[in-house]
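A short worksheet on the structure shown next.
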Amino acid sequence: MKDFDVVVVGAGPTGLVLAGLLSRAGVKVLVVERRIDRGDRPKAVVLHAPTLELLDSFGLLDEVTDRSIPLERFAFHLNGTGSFTADMTGLDTHLDGYRNMPQPILEGLLEKYALGYGARIEYGVSYLSHEAGDSGGSDTVVRFEGYDDVRCSYLVGSDGPRSAVRESLDIPMAGRSLSTSYLLIEGVPRELVGRDEVGVHVGANGMVTMMPIPGDQVLMAGPVVNGLTLDRGASVPWRRIADAIDTLGFGSRLKLAEALRTSHYSVDLRVAERWVSGNVVLAGDAAHLNTPAGGQGLNLGIGDALALSWRLLAALRHDEAELLAGYEAERRPYATRVGQTTFLAPLIDRMRSAVDVNDPAVRAELAELALSWSQLYPDHGNRPGARHDARYELSAGARVPTSIRDAEGRLTPFLPSSDRVDASTLLWFDDTEPASVESDLPVPPVREVRRVARPATDGRVTVPDGARGLLVRPDRLVAEAIGS
Ligand SMILES: Cc1cc2nc3c(=O)[nH]c(=O)nc-3n(C[C@H](O)[C@H](O)[C@H](O)COP(=O)(O)OP(=O)(O)OC[C@H]3O[C@@H](n4cnc5c(N)ncnc54)[C@H](O)[C@@H]3O)c2cc1C
């Protein structure tokens, strides 16, 4: 008799989303969190469209809208040259653009959702180790500090950058550390400017990113001074940060009337060499680390949770840990590619040497970056022909949009977001009845057949020639195009 089906270590966004999705599907989940409370330390803020779509399916969109602010672009302001922009609107989603919400507020909402479906969440409890139980198979005993031993079938390490679960498996994080410390300051700006953008202000010796957050405040972040490295836990006097920001030369635009909270962290570009080891799985920052550029880390972790949830459910139901293998095979290469898009130094060098802000090569690169940072098109970069005209095809592995834009930019609803990870969907374009909705692929059974209009061939999103429908997994990826 198991105490829990799944033990999740870490109540960050990744662990909480996973706990919510699994509990919703009837799985018995325990989340343990080392901190005694959530705190209000500044961390990530950017919520991209796929995360917003998932929050919509959780019934949380109204609260998210009330407690976040909408944004339209990432802007790069180069002192002396002008401003370059990556426009995040006009994409294939019913929730266009992105929103900024402080991470502790998001975690509070996610926790409420998970608790509502019966997940157990224990604060002040640290994972220590795990070992095989005596019942064979996936039976596992997990040991903690601050809690009794627990027996479970699957253990998930979503315990952040210094993951103790990853260390217990002896899995290295390949990659590199960037030697500069990122400083974060939440405060009240002297001037309320650029409220619809995240603005990266680049000076000769460093850069600062201004992220508007609710309550007319901003989160300022960045390697204010290139090469500055601080010890973990070191306190940084606010005056010193303000002086460093002044040297960037953006004047009152970057001045704060009041600093409310500060923190700093070191930046790494790393990916764990393995994500799955038998019945133990890594997700979120425990599996990958990137720079804060483009607000990728938190959204990537939530995507991991969605990709893992339906596979864990299948592995539990069929008692087959092998069903988890596809998770690492898909998410690890994707996380590696996303990490590369957050290393901005080469792009900023190209902006510095561009003739002007309309430089076509830089503009094309920014358009590409916007598609990638939106995380709406995870397989886009895999298709060589798709790169420059921004078109992509809904064949196996592509993510299915909630709404699709036609050539005039009009949105047509396609597949609404869902929090059901125990069901696949058959999207059917044909006017005939589908003969059978069985598939040999290891995906959950089809619970719904939805009739939708075939995307127009002149829009950005197309379907393979001859496809009569799409079998869509719970994480919205096409399992296979049918009839092509
Ligand atoms: C100061 C700071 C600023 C950041 N700024 C940005 C930003 O601007 N943009 C961006 O994209 N990303 C940023 N990040 C990264 C972003 O916050 C992460 O990508 C995101 O939090 C990942 O979510 P996660 O749930 O995978 O991990 P985490 O949020 O790290 O959650 C892991 C949880 O596991 C807990 N834990 C650790 N060890 C144990 C243990 N042994 N037992 C039990 N619990 C344990 C931790 O206490 C933590 O709550 C920032 C991170 C920090 C720390």
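Couple of notes before you dig in:
- Residue match in region 286-296 (condition: open to solvent by less than 10 Å² (accessible area, probe 1.4 Å) and within 7 Å of the ligand (Cβ to nearest atom)): yes
- Number of residues in region 211-241 that are at pLDDT 80 or above, among the aliphatic types (A, V, I, L, M) and open to solvent by 20 Å² or more (accessible area, probe 1.4 Å) equals 1.
- Here ILE348 fulfils each of the conditions (1) modelled with pLDDT of 90 or more; (2) under 21 Å from the mean Cα position of the chain (by Cα) apart from (2).
- Taking region 43-74 as the range and being within 16 Å of the ligand (Cβ to nearest atom) and either among the hydroxyl-bearing types (Ser, Thr, Tyr) or in contact with a strand residue (DSSP E or B) (Cβ under 7 Å, 6 or more places away or on another chain) (or both) as the test, the residues that pass are VAL45, VAL46, LEU47, HIS48, ALA49, THR51, LEU52, SER68, ILE69, LEU71, PHE74.
- Hits in region 69-83 - residues which are assigned to a loop (DSSP other than H, G, I, E, B) and at positive phi: GLY80
Conditions tested, residue by residue: (1) in contact with a helix residue (DSSP H, G or I) (Cβ under 9 Å, 6 or more places away or on another chain); (2) within 27 Å of SER153 (Cα to Cα).
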{"site": "ASP5", "(1), (2)": "yes, yes"}
{"site": "VAL8", "(1), (2)": "yes, yes"}
{"site": "VAL31", "(1), (2)": "yes, yes"}
{"site": "PRO50", "(1), (2)": "yes, no"}
{"site": "PHE58", "(1), (2)": "yes, yes"}
{"site": "ILE69", "(1), (2)": "no, no"}
{"site": "LEU78", "(1), (2)": "yes, no"}
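- Region 272-311, residues that are touching a Leu at 6+ places or on another chain (Cβ under 7 Å), outside any helix (DSSP H, G or I) and among the hydrophobic types (A, V, I, L, M, F, W, C): ALA272, TRP275, VAL276, VAL280, VAL281, ALA283, LEU289
- The set of residues in region 11-30 being open to solvent by 10 Å² or more (accessible area, probe 1.4 Å) and near the ligand (Cβ under 9 Å from one of its atoms) consists of GLY12, PRO13, THR14.
- Exactly one residue out of LEU110, LEU115 is within 11 Å of the ligand (Cβ to nearest atom) and in a helix (DSSP H, G or I): that is LEU110.
- The one condition from (1) within 21 Å of the chain's Cα centre (by Cα); (2) near the ligand (Cβ under 8 Å from one of its atoms); (3) under 21 Å from ASP159 (Cα atoms) that SER263 does not meet is (1).
- Among the criteria (1) of a type outside the set (Phe, Trp, Tyr); (2) open to solvent by less than 20 Å² (accessible area, probe 1.4 Å); (3) not assigned by TED's automatic domain parsing to the domain that holds ALA132, the one ARG391 does not fulfil is (2).
- Among the residues of region 300-310, not a single one is at pLDDT below 95, within 20 Å of GLY339 (Cβ to Cβ), within 25 Å of the chain's Cα centre (by Cα) and open to solvent by less than 10 Å² (accessible area, probe 1.4 Å).
- Within region 157-186, if we keep just the residues that are within 15 Å of the ligand (Cβ to nearest atom) and at positive phi, the residue that is most open to solvent (accessible area, probe 1.4 Å) turns out to be GLY175.
- Taken as a whole, the condition of being in contact (Cβ under 8 Å) with a residue 60 or more places away in the chain, farther than 27 Å from VAL156 by Cβ and either within 15 Å of the ligand (Cβ to nearest atom) or open to solvent by 30 Å² or more (accessible area, probe 1.4 Å) (or both) does not apply to ARG38.
- Taken over region 303-321, the criterion of being within 16 Å of the ligand (Cβ to nearest atom) and not hydrophobic (A, V, I, L, M, F, W, C) is satisfied by GLY303, ASP304, SER309.
The values are calculated or read from the model by the stated rules, or taken from the named source; none is laboratory data. Predicted model only: the values in this text are computed from it and were never measured. Every residue, glycine as well, gets a Cβ built from its backbone with ideal geometry; the counts of neighbours run over all protein chains shown. Accessible surface is based on the protein model in full, side chains and every heavy atom, while ligands, DNA and RNA are left aside. Shrake-Rupley method; radii C 1.70, N 1.55, O 1.52, S 1.80 Å.
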